[in-house]
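As C-alpha cells, the structure follows; a few thoughts come after it.
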Amino acid sequence: MNRATAKHLIERYFRQLTEGCGNGDCTNEFCASCCDFQPLDNNMAAAKAFELFKINAKLCDPQPSKKESETSANKNTQPDSKMSDTDLCPIKEDFSDVHYLTENTVCMILNFCEEEGDYSALIRIIGRIFSNAEALMKSFRKDEGDTTENLDASTSADIGKSENKSQESSEQMGASSASALAKEAPNERVSPSDITVDIDAIRRVYEKLLTISQAEAALVNALVYLTPNIELDLEYLDVYETNPNYLNIFIIVMENSNLHSPEYLEVVLPQFCKAMSKLPVPALARLSKLWSTYSPPHMRRMMETFQQLITFTIVSNEYDAENLVNDDETVVAATQCLNVVFYASILGGDVDVEHNEEDEDNSESDELTLHELLGEERLYKKGPRVHPLEKELGVRPIDSIRPVIPFEDFVNDSLNDVVEMDKDFTFFKVNSETKFSFQSCPFILNIITKNQGLYYDNRIRMYSERRLTALYSMVQGQQPNPYLKLKVRRDHIIDDALVRLEMISMESPSDLKKQLFVEFEGEQGVDEGGVSKEFFQLVLEEIFNPDIGMFTYDDETKLSWFNPSSLENEAQYTLIGIVLGLAIYNNCILDVHFPMIVYRKLMGKKGTYLDLADSHPVLYRSLKRLLEYTDNVEKDMMLTFQISETDLFGNPILYDLKEQGDQIPVTKENRQEFVDQYVDYILNKSVERQFKAFKKGFLMVTNESPLKYLFRPEEVELLICGSRNLDFEALEKTTEYDGGYSKESQIIIDFWETVHSFGEEQKRLFLQFTTGTDRAPVGGLGKLKMIIAKNGSDTDRLPTSHTCFNALLLPEYTSKEKLRERLLKAITYAKGFGML
C-alpha cells in the first residue's frame, strides 16, 4: 500500500465519522449516519479514524447528500467530493510498489482480490515476498505495524491532530503506529525485546491466507525457492552476523500452522530445516528464548512439525549398517531444529538454575597419559559434554522442574528403531566434528537406546584397561591382572569388599574401570555375570540393614535416606557409592530404594522443598500447611529458627537455622525463608559428610562416563534399579528354548501356566532364581532373553539356573503338579553357587 492509498482511506474514515455516509438507514456503528452513533469532535474523530484504519473496519458506500447533489454540477471536476471505491483505492493492480508485507497490506490485497473475484494478485505478491529473503526479513515488523508511518505529517491537518490527540488521550495509541498496534493487540506472553517481528500479526495473516488454497500453493512454491538461498547465505556469507534480523525469516515461516501437511513435508521442510541448522548458536538461542514464551499449543505444534518430518523421512527410506540414518541430512537437520524446541520447553517451564552441588575437583595432571601417548585421548576424554546451545542459554535439562512439553514427547520411536548405536557411539566419541551422533541430542533417544550407547562406552573402557594392564605388565615384568577381582567370604562380605575396594581406590582407581570378577570363598561358581549380581545383592542387604544405622528407612514411602547421625566412617559410604557405580558399569540391576533426590544430587542438584514430597512426606505436608496457613503464624505455630531432631539413640539434637535461631520467631513474612533453610538442612547440610563420600565413590567409577550427559535422574534410577513392573507375557514371547524343548512342548505349556499363576512375591523369587535379580531390566522383561533348556527326563531333582546367562535348566517332569512343587522349592530355598 502506498502513501496516497493510506491517506485516502484515513480521510474516508474521518468523513464517515464526522459527516456520515448519507444513508438514513445505516447500521454501521462507526458511521455518523447510524442512529446509535455518538457524535465526535474533529480531534476525537481523527484519532478514531486512525484506529479504524489499523483494524480495517467497515467502510460505508458514500451516498450523495442533498447539499452535494445541488453542488455536484459545479464541482464535477473535483473527484474527491464524491469518490467511488476505485477513486478511493488508487492502487496498482499488480501491486508492484509493495516491497514487503504488513498485516494491513495483506488485508488490503485480500479485499481487492475478493472484490475482483480473482486471487492472482495475491498469489503474485506472496510469491515475490516469500521467495525473497530481504523482503521477508523486512515484513511484519513491530516498528512497521502498518503503513501509515510512511505518511507525511502534513498530509492532512486533521490527521496530524489525530496522531497528537491519540498520544494525549488514549493509552491504546502510541507515538508511532508500531506502539499503537502493540498495545491494541498485545501478545499473550511478551516476546523477547530484541525480536522485531509482530508474532500476533503473522498468526492473523496466516489464518486468513491458509483458508485460500491458491495462496497456500503460492507459499509452498515460494519457500521452495527461498530455502536453498538462505542456506547458502548462512553457510557462506555470515548474513546473521551482518544483520541479526535475518532470524525473522525463520520466525515467520515457523508460524505457518500447516507445515506438517504433506506438501510441506515433502518439498519445503527438509530444505528449511537444513537452512535453520546452519544458524549460528547465538541465533538458535534467541529463537529458543522466543519460543519459550509461546503458549503450550504453539510450542507443541512446532515440536510435532519437526517430529513428523523425522518420522516421515524415516518411514520413506530404508536404513542399515551401510546406509546409516546419521547420514540422512533431513533427519539430522530436523533433530537439530527439534533441539531448539527442546530447550524452549525447558526455558518456558519451571526451572531451577541456582541450587547446584559443588562440582568435584576434576583437575587433570599435566603429565601425558598412556591414552594420549597412544593417540586415543579423544576416545577416553573425561567429563560430560556440554551442548553449545545449553552453554549459550545457561540452562541444563537437569535444571528443569517441569518443562512445557514432557521429556517423553521428544522421543522419536521411528528413529530409535533404525539408529545403529555402535556406529553412532563411534561418531559421538571420535568423529563428532565430522559426523553427527544422535547422542549429541539425547532427548530424542529412549532409555533403551541410550543404555546401548552407555554399554558400548563401558565395554570399550574395560577393554582399554585390559590393554593398558597388559602393556604395564610387559614393561614391569609382572603377571597381568585384566579384571577387577574381588574374593569375598559370604559371612564377612562387607569387611572383605570394603578393604579390597578401599585399597584399589587409593592405590589404583583406574582398576575400578576393569570388568568386575567376583569369587565367593569356598564356592565353585565362575563369574560370568551371575556371581556379581549375587555379590551386589548381599552387599546391599548388609549396608541397608537398619541395625547398622547407615541409612534410615521410611515405612510410608519404603525408601531409604542417609542417616545424619550414623557412626560409620566415610569409607562405608564411599563403598556404597562405588557399588552403585560398578552396577551401572557392569550392567547389573540393584535392589536399592532411594528417593529421586539422591539421583538428582548425584547429577549435580541440591535438594529443595519440592524434593521433600517423596523423601520426607510427613515433613513436606507439615511445611506445606505452614506455608498455606492464613491466620497468625507467630502466635498459633510458636516456631523459631531453631529445629530439633533425634540422634541414633533417640536423644534430641537442637540446630539453629540462623544465628541465635531460638530468638527469631517464624512469622508470615519470614516463613518461606524458614522452610527453605529447614529443607536445605535436612536434604543437604545434615547429610553433607555422608553424601559427599557416597558421591565420591560413585564418581570413581562413572566420572569419565557420558552418564550425566545422556540420562536424566529418573533414567539413572531405572539404570540402577531396573523396573518393578513385571510383564511375564512379554517374557514368555521372547524366551528361547534349547535341548529339545519348544514353545509347543507340554512341559513348556505347563511351565508358563504355572508361572502366570504365581503371586507377585513368587514371580520375584523366580526372577531372582533365574536371572540373579528380581527387577526387570531397562525396557522391561521383554528385553531379558531368557533360555529354558531341557535337563534330562523326569526326576526328583530340582530345576537349576545359570544366572550369568539367564538360563533355566528344567527337567521334563511328567505332571504339572510335580513341576509346580519342584519349581517352588527351588526358587524359595536357592542360595549359593556350584559347578554342574
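Give the separation of the Cα centroids, the range 487-512 to the range 670-749, in Å.
The range 487-512 and the range 670-749 have Cα centres spaced 23 Å from each other.
Leaving out ligands, DNA and RNA, and with a 1.4 Å probe, what % of the accessible surface on the range 723-829 is carbon or sulfur? If you can, show how the numbers build up before the last one.
Values: 2430 of 5060 Å².
Here carbon and sulfur together make up 48 percent of the probe-accessible area.
Would you tell me the accessible area of residue 756, worked out with a 1.4 angstrom probe on the heavy atoms of the protein chains, in Å² to the nearest 10?
60 Å²
Rounded, prolate or oblate: which fits the range 234-330 when a ≥ b ≥ c are the square roots of the eigenvalues of the alpha-carbon gyration tensor, with rounded for a/c under 1.5 and prolate only if a/b beats b/c?
Values: a/c = 2.09, a/b = 1.34, b/c = 1.56.
Oblate is the answer for the range 234-330, as a/c is 1.5 or above yet b/c matches or exceeds a/b.
Residues with beta-carbon under 9 Å from that of residue 618, excluding residue 618: net charge, scoring Lys, Arg +1 and Asp, Glu -1?
On the way: positive: 621; negative: 554, 556.
Cβ neighbours under 9 Å give a net charge of -1.
For a quick check of understanding: with a 1.4 angstrom probe and all protein chains in place, what accessible area in square angstrom does residue 737 have, to the nearest ten?
60 Å²
Go through 489-498, 685-694, 48-57 and give me the packing order, highest mean Cβ count within 10 Å leading. Working shown, then result.
On the way: 489-498: 15.8, 685-694: 18.6, 48-57: 20.1.
The densest-packed peptide leads the list: 48-57, 685-694, 489-498.
Sort 440-449, 396-405 for me by packing, meaning the mean count of neighbouring Cβ atoms within 10 Å per residue, highest on top. Walk me through the intermediate numbers first.
Details: 440-449: 20.6, 396-405: 18.3.
Ranking the peptides 440-449, 396-405 by packing returns 440-449, 396-405.
Could you compute the net charge surrounding residue 666? Neighbours are other residues with a C-beta less than 15 Å from the C-beta of residue 666; K and R count +1, D and E count -1. Could the numbers behind the result be given before it?
On the way: positive: 624, 625, 635, 658, 668, 671; negative: 628, 631, 634, 636, 656, 662, 669, 673, 676.
Charge balance near residue 666 sits at -3.
Note down the net charge around residue 565, summing +1 for each Lys or Arg and -1 for each Asp or Glu among other residues with Cβ under 14 Å from its Cβ. Intermediate values should be presented prior to the final figure.
Numbers: positive: 685, 689; negative: 568, 645, 647, 688.
Charge balance near residue 565 sits at -2.
Of 391/605; 485/601; 606/658, which sit over 23 Å apart, Cα to Cα? List each step's numbers first, then the result.
On the way: 391/605 17 Å; 485/601 30 Å; 606/658 19 Å.
Checking Cα-Cα distances, 485/601 exceed 23 Å.
Put a dot 7 Å past each Cα toward the Cβ at residue 267 and residue 692; how far apart are the dots in nm?
Each label point is offset 7 Å from its Cα along the Cβ direction, giving 6.6 nm.
Could you tell me which of rounded, prolate or oblate describes the range 597-749, using a ≥ b ≥ c as the square roots of the eigenvalues of the alpha-carbon gyration tensor, with rounded for a/c under 1.5 and, failing that, prolate when a/b is larger than b/c and oblate otherwise? Please list the in-between numbers first.
Working: a/c = 3.27, a/b = 2.33, b/c = 1.40.
Note, shape of the range 597-749 comes out prolate.
Let me check the size of the range 723-829 from its C-alpha atoms; what are the radius of gyration and Dmax in Å?
12.6, 36
The values are calculated or read from the model by the stated rules, or taken from the named source; none is laboratory data. All figures in this text were calculated on a predicted structure; none of them were measured in a lab. For neighbour counting, all protein chains shown are included, and Cβ atoms are generated from backbone atoms with ideal geometry for every residue, glycine included. Side chains are part of the model used for accessible areas, which takes the heavy atoms of the whole protein and leaves out ligands, DNA and RNA. Shrake-Rupley method; radii C 1.70, N 1.55, O 1.52, S 1.80 Å.
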